[in-house]
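What follows is a short report on a single structure.
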């Protein structure tokens, strides 16, 4: 097998060397007749350079001897293998060094475009064209035999056309006056009046042009005659364009559009005439007769200048008469607006945006004329197609917007549905504009999907753009879902709380959570987009990790405050205006931040407490309060009588117009709690509004004291009995000083002191 393989190698190398030698000899032999065809001076030199048969025979003998020698053959094989390995390594290095992603694809595209050959910029092209046109004009002026013949030919042809047209116009006006015919259009012209006005404007100039053309046709054409006929042609085209536009404007004469129509008739005719004449001049400059008379470069320069001026004047006309034309389109009779609402709304949209496609057509025409490098004939047609695509896109977007504004048939819609539907409509608008951009670029011979020119490069660019677009859309969708979930979670919790507390809580938590979620989504989307662009994101991720570790270790207390405060706010443990007890500090919450809570106590002192120092929260402002009341009953008072008095006082308090809104339940008597210094202690309570329990208890104590005073009863007081033994052994009780009881909170003592 090894011998067979070696034999194949030998045969291949022999054939390769023989082919090289034979091709060299044949090329040398065939070069001499080619050189002889080009000139006899180089024939002898070619024959001297051609290798002779002896040299070819010597080369073959050298190859044969090398193949017969084992050492030299092995050395040749080693060199060939090294050469192949080096070529494979170079290809691998080139492939490895080739950047990936969108930036790499664009770089490869620009490299391929720069390597394809010399690229002439439009500025250089028009500069060269201007130089050639100037040279051509100089040559034409220098080659004229007599300037007088040029002027004479130009004058008599133009005079023939102008004189005949003037006579026809004068005759037509005289005939109209004799027949008592109106020379101007009425406010609401009929069809016959429009046709008659069109004929009156065009017929004299058209007949004069035909007469002049018939006279000149049988004569030898000169430069003066050609220029005169061009002037007549562009004038006729200008009049035709102006008359047609005037008739079209007159078709919209009803429906409160007379003012706009009068403005257009008076002020727009001159603009339209100049635009039509310039367009005709640009078209006539491409005719073969005029190109041969003026020269290709000069005719092309005249065509370019005419088209550019016509485009600029069209844009100026659109801006100048935007409002009158808008009123012509939008103003419709009331019956039409009432019966055809859908088409009326569409017409309203078209009337508001009619100038956009015209201006776009002007801009595209200018770009096409300036960048077409001499091929500007199809620029106007492509611009019209582009403007038509824009109109269709605007109509589609208007229909999408109109459908999105319609009220939904569903009575109740979740926040997810509303925001996803809005996202869908936005995506539909975006897709329609992308389709318009692709179709518009294809009209001009380009494509968004084939940006790079080469199929492989275009595929890479397309994949990168699609990946970036999908990343943006996915990030947008995730943000919509996350933001909606945050809003629903904050609004659905604790619905019984007051709107102020909910608003404060939402204002405190929502910005933090939304910013954190948005920053996270944005960072991930940017990293993915950079990866699609071909940027190495590994150092970015490593740097972000190092920064996160540094912040985590260096600000542990701050992180603890933030995390604790976040959970306190999420759980809604406290809010602004709550009366709370935080680790020994009691007061009203005046402010909340992401790290601290600001508290004002009963003495007016403001305490700023970090969330990490809060071990427990006692909130007195949630849902309701309990007014706990204790009453001391004297030992000589019947307990039932005391209970009756207490109930009467509680009912009176509930009927008080100042307190009844704060008392949410009747008096709940819990019975005798204990005995203290000979007095029974009654315990009772009432449910009150939050943080109003102390006010209710104080009002109850005040009313109870007044009732006892009215009944002539004294409050129960603790007593002390002292016994003294006399000499006879009898004990005597002496009255002692009594100590009045003090009430704390809602406690009341009404047991009077007795002496025995």
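All of (1) assigned to a strand (DSSP E or B); (2) surrounded by 16 or more Cβ atoms within 10 Å (Cβ to Cβ) hold for residue 521 with one exception: (1).
Specify the residue that is surrounded by the fewest Cβ atoms within 10 Å (Cβ to Cβ); the eligible residues are those in segment 298-313 that are closer than 21 Å to residue 248 by Cβ and modelled with pLDDT under 90.
At the first step, the residues of segment 298-313 found to be closer than 21 Å to residue 248 by Cβ are 310-311, 313.
From the residues that got through so far, the ones that are modelled with pLDDT under 90 too are 310-311.
Details: 310: 23, 311: 26.
Applying the filter and picking the extreme gives 310.
Listed by first and then second residue, the pairs with beta-carbon distance under 9 Å, at least 6 apart or on different chains, first residue in segment 177-199 and assigned by TED's automatic domain parsing to the domain that holds residue 264 and farther than 18 Å from residue 264 by Cα, second at pLDDT 75 or above and in a loop (DSSP other than H, G, I, E, B), form an empty list. Just to be sure before I move on: is residue 129 out of contact with any strand residue (DSSP E or B) (no Cβ under 7 Å at 6 or more places or on another chain), in the same structural domain as residue 230 (by TED's automatic domain parsing), part of a helix (DSSP H, G or I) and at pLDDT 70 or above in the structure I sent? The answer is no for residue 129.
Residue 627 meets all of the listed conditions (1) touching a residue at least 60 places away in the same chain (Cβ under 8 Å); (2) farther than 24 Å from residue 709 by Cα; (3) surrounded by 12 or more Cβ atoms within 10 Å (Cβ to Cβ) but one, namely (2). Among the residues examined, residue 614 qualifies as touching a residue at least 40 places away in the same chain (Cβ under 8 Å) and crowded, with 16+ Cβ neighbours inside 10 Å.
Within segment 530-575, the set of residues being closer than 18 Å to residue 512 by Cβ, in contact with a helix residue (DSSP H, G or I) (Cβ under 8 Å, 6 or more places away or on another chain) and not in a helix (DSSP H, G or I) comprises 572, 574, 575. Residues in segment 463-479 that are surrounded by fewer than 16 Cβ atoms within 10 Å (Cβ to Cβ) and at pLDDT 85 or above: 470, 472, 473, 474, 476, 477, 478. Restricting attention to segment 645-686, which residues are in a strand (DSSP E or B) and either surrounded by fewer than 18 Cβ atoms within 10 Å (Cβ to Cβ) or outside the structural domain of residue 706 (by TED's automatic domain parsing) (or both)? Hits for segment 645-686 are 668, 669, 670, 671, 672, 673, 674, 675, 676, 683. Within this structure, residue 276 passes the test of being assigned by TED's automatic domain parsing to the domain that holds residue 311, in a helix (DSSP H, G or I), modelled with pLDDT of 85 or more and in contact with a helix residue (DSSP H, G or I) (Cβ under 7 Å, 6 or more places away or on another chain). Residues in segment 210-228 that are surrounded by 19 or more Cβ atoms within 10 Å (Cβ to Cβ) and without any contact (Cβ under 8 Å) to a residue 60 or more places away in the chain were compared, and the one that is farthest from residue 181 (Cα to Cα) is 216.
Does residue 246 qualify as being assigned to a helix (DSSP H, G or I), in contact with a helix residue (DSSP H, G or I) (Cβ under 8 Å, 6 or more places away or on another chain), surrounded by fewer than 20 Cβ atoms within 10 Å (Cβ to Cβ) and touching a residue at least 12 places away in the same chain (Cβ under 8 Å)? Here the answer is no, as residue 246 does not meet what is asked.
The values are calculated or read from the model by the stated rules, or taken from the named source; none is laboratory data. Here the structure is a predicted model, which means the values were calculated and not measured. Glycine also receives a Cβ, built like all others from the backbone with ideal geometry; neighbour counts cover every protein chain displayed.
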